[in-house]
Structures are given as C-alpha cells and as structure tokens.
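Shown next, in structure tokens, is the structure this report addresses.
Nothing in this text is a laboratory measurement; each read-out follows from the coordinates by a stated rule. From a predicted model like this one, the values you see are computed outputs, not experimental measurements. Note that each Cβ is placed from the backbone with ideal geometry, even for glycine, and that neighbours are counted across all protein chains shown.
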Ligand code: PEP
C-alpha cells in the first residue's frame, strides 16, 4: 500500500485555544472510531503563533501527527524584523510549505525568493512541501514533496479532475523521479478518494475543509 500524506493548511486561521480544541476533537474522533492511521501520515500546518502549543497538545494527547510551518524566512538568523527563520522552525516542525499561490499573489513572492526559501529549509533539515500551480512552475532542487494546486481550484469549490492531477503527477515524476506528489484545491470528504485512488497521487493538501476537525476526520477516513 502506498504511503498517503494528508496535510492541513490552516492559513491565517485559528487562535491558540482553537488549535487546542481542534487537535483534541480530531484525536478523540480517531480514537472513538478506532481508526488506525496505517500508512496515512497526518501533517498539520497551523499559524506560527500556534505551532508550539500544537506540539505540546499532540504530545499530551499521544496523537501521532507531524507539523509544518506555512512559511520560512529566506534568510538565516539576524536583523530581519518579523521573520521566522529555519533554525527556529526546526524546533517545532519537520516540514515547511513553500511556493503557495497565495504567497505569490499577496506577498509578491518570486521564483527566485521561493528558491532561496527551499535551499534555506533544506539546510535546516526541514522538508519543503513545494506548491506548483501548473506545469510551468519551476521546481527548485531540494523540494521533497510536490503539491499540485491549480489556482482556479483553491477555495473555489471547483477541484481539478483526478485525471488531470494524475497526468500532472506523472510528468513531475518523469522529471524528478519518484517524489511524492499531492493534489490540493477544494478537496472535501466527498472527493478525496477520487484523488488518492490515482496511482501516482500520494496524498492531498487541504485548506478550507481542514479547518473543521470533523470534516478533516472524514477526509482522513475516506482517503
Ligand atoms: C490551499 O490553499 O492549499 C488549498 C488547498 O485550499 P482549499 O482546500 O481551500 O482549496
């Protein structure tokens, strides 16, 4: 059976208290329904502000989730006001999302800056979950997981077809070898299986539907 990544990207949502409740509810749901995660790896990407407490809660709950940061500074430690650097992130997460279309659109991130972030992440032993928007998005050396996230599908309720996502994955693997490729964009409990059942798709990156722990539990179950 292939290993499946199921990643929650909370974006700029949830307080620390809400983070605690979400983790508690999800963990309780999994236990109550006696769900064995098996080959499903759950990765949560909360806001920076919640990362530390999320780690603490997961440990207390004995909940086998891993954490991702939603961003990383393109610089090492130093005089970069407002930035969170790789060494700091590594204390709290093993993964980092890089190249998301929202960061390109709202924060002006360029391919060059994004490439810098990937190289700094790998230097700090953080695995980049690298988002691509289409077949023309350059994938920098060091990307460890690729998430195909077409812009039209993000938050729109109109996902791409599983067949297109499968084709995209095949062409990425042709170029990069056997790298895990995920699909992201309007994934919900009702459609997750149509993506994860594709032979070359190793999981999903979930935005909106991950904010509700019950919906996310259904996504885990159905994947
Ligand atoms: C995302 O932005 O990474 C995403 C997949 O969002 P949504 O699931 O809300 O479409």
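Take 111-117, 93-99 and order them by the average number of nearby Cβ atoms within 10 Å per residue, most first; the result is 93-99, 111-117. With neighbours defined as other Cβ atoms within 10 Å of a residue's Cβ, the residues 131, 57 order from fewest to most as 57, 131.
Name the most mobile residue of 51, 182, 26, meaning the one with the largest mean-square fluctuation, in a Gaussian network model of the chain with Cα contacts below 10 Å. For the chain, modelled as a Gaussian network with Cα springs under 10 Å, the answer is 26. Between 138, 189, 159, the residue with the greatest mean-square fluctuation in the GNM of the chain (Cα pairs under 10 Å linked by springs) is 138. At what distance in angstrom do the alpha carbon centres of the stretch 47-91 and the stretch 112-171 lie from each other? Cα centres, the stretch 47-91 to the stretch 112-171: 20 Å. Going from the residue with the fewest nearby Cβ atoms within 10 Å to the one with the most, 194, 169 rank 194, 169. Under Stokes-Einstein, with the Kirkwood radius over Cα pairs as Rh, the value for the stretch 12-148 at 20 °C and 1.002 mPa s is 135 µm²/s. Just checking the listed ones, 109, 149, 202: in the Gaussian network model of the chain with Cα springs under 10 Å, the one fluctuating most is 109.
Here the Debye sum runs over all C-alpha atoms of the stretch 1-74 as equal scatterers in vacuum, and log10 of I(q)/I(0) at q = 0.14, 0.16, 0.25, 0.27 Å⁻¹ comes out as -0.45, -0.58, -1.24, -1.36.
In terms of surrounding Cβ atoms within a 10 Å radius of their Cβ, 168, 1 rank from fewest to most as 1, 168.
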